[in-house]
């Protein structure tokens, strides 16, 4: 059983957004799942099994990716956004992994985008979730755990 | 100095190169590879002074590449730049011959310290 809380999840994401994007994250509203969304996911295996998911509107994913690459959002190809968003998920998962018990391994990132999406995590349940915002863009971070 | 950056993310490779330039290594020649197999090909194509390896990559990941290089007697200075920073991973990296392990996210100062560890 993990003891990671939503506060620690927010702190992990905040560390990455601050260091890689120079964006401060704060508590925010839940991102509407009705529009075009980006979801990045890293599976965790080993002594602790689960996943870390980051999700936001595709427009926000594009802005976050542009900040990461220090370029204009309009100049980014979709592949660049997917690549950058996957790396952000990987970096957040790395922060979470350091707080998990035992020996664990991270998967390579998976990124999907589309409308009205949710990811099914098999036998995993939501362990904790936090809704954040950075420079007006919503971001939801979720930790899944297998019982 | 020729540096080989091995990471499956093109974005992360560009960030590593940007950080290395900020750390004072802007005169280096940068080669890139997206996984261990591409890294082996790049090694054959030219003399590499230092290889920076990601841990988790498809096809041939960083630690498997490092262990194969050690088993084959390939002498090349390398270190990891990865989210895998546990003591267990550090020990495995060191056993495979890695000179350093820099955790992501990283700073120019962390890269300078790593290069100093590698004698560069």
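Counting Cβ atoms of other protein chains within 10 Å of each Cβ in B:98-104 and taking the mean gives 2.
Given Cα pairs under 8 Å that are at least 6 residues apart, what percent is the relative contact order of chain B?
That works out to 24 percent.
Shielding of peptide A:135-146 by partners, expressed as the average count of other chain Cβ atoms within 10 Å per residue Cβ, is 0. Distance from the C-alpha centroid of region B:50-83 to that of region A:87-131: 25 Å, rounded to the whole angstrom.
Compute the angle between helix A:58-69 and the longest alpha-carbon principal axis of chain A, please, reported from 0 to 90 degrees and rounded to the nearest 10. That helix lies at roughly 90 degrees to the long axis.
Packing, as the average of other Cβ atoms within 10 Å across residues, places the peptides B:77-86, A:72-81, A:17-26 in the order B:77-86, A:17-26, A:72-81, highest first. Spin-label model, residue B:117/residue B:91: points 7 Å from Cα along the beta carbon direction are separated by 1.7 nm. Among the residues of A:79-91, the average count of other protein chain beta-carbon atoms within 10 Å of the residue beta-carbon is 4. Here the relative contact order of chain A, from alpha carbon pairs under 8 Å that lie six or more residues apart, stands at 39 percent.
The per residue volume of the convex hull around the alpha-carbon atoms of chain B is 92 Å³. Overall, the ratio between the Cα radius of gyration of region B:31-91 and 2.2 N^0.38 Å, rounded to two decimals, is 1.07.
Mean residue ellipticity at 222 nm, helices only, the protein assembly as shown: -11000 deg cm²/dmol; runs of at least 4 DSSP H residues each add -39,500 (n - 2.57), and the sum is divided by the number of residues.
When the alpha carbon gyration tensor of region A:34-90 is reduced to an equivalent ellipsoid, its three semi-axes come out at 24, 13, 7 angstrom, largest first. Computed from label points 7 Å out along Cα-Cβ, the spacing between residue A:75 and residue B:109 is 3.0 nm.
Applying 1/(1 + (r/R0)^6) with R0 = 25 Å to the Cβ-Cβ distance of residue A:18 and residue A:45 gives a FRET efficiency near 0.35.
With only the Cα atoms considered, the protein assembly as shown has a convex hull volume of 126 Å³ per residue. Ranked by the mean number of other Cβ atoms within 10 Å per residue, highest first, peptides A:54-61, B:17-24 order as A:54-61, B:17-24. Pair-distance distribution of region A:24-120: all C-alpha pairs, bin width 5 Å, starting at 0; shares per bin in whole percent are 2, 13, 22, 21, 19, 13, 6, 2, 0. When the Gaussian network model of chain B links Cα atoms closer than 10 Å, the mean-square fluctuations of B:67, B:109, B:88 top out at B:88. For residue A:11 and residue B:74, what does the FRET efficiency come to when R0 = 30 Å and r is the distance between their Cβ atoms, rounded to the nearest 0.05? With R0 = 30 Å, the Cβ-Cβ based efficiency is 0.15.
If you bin all the Cα-Cα distances of region B:80-120 at 10 Å, starting from zero, the percentages per bin are 32, 56, 12.
No value in this document is a laboratory result; all are computed from the given coordinates. These numbers were taken from a predicted model, which means no experiment stands behind them. Every residue, glycine as well, gets a Cβ built from its backbone with ideal geometry; the counts of neighbours run over all protein chains shown.
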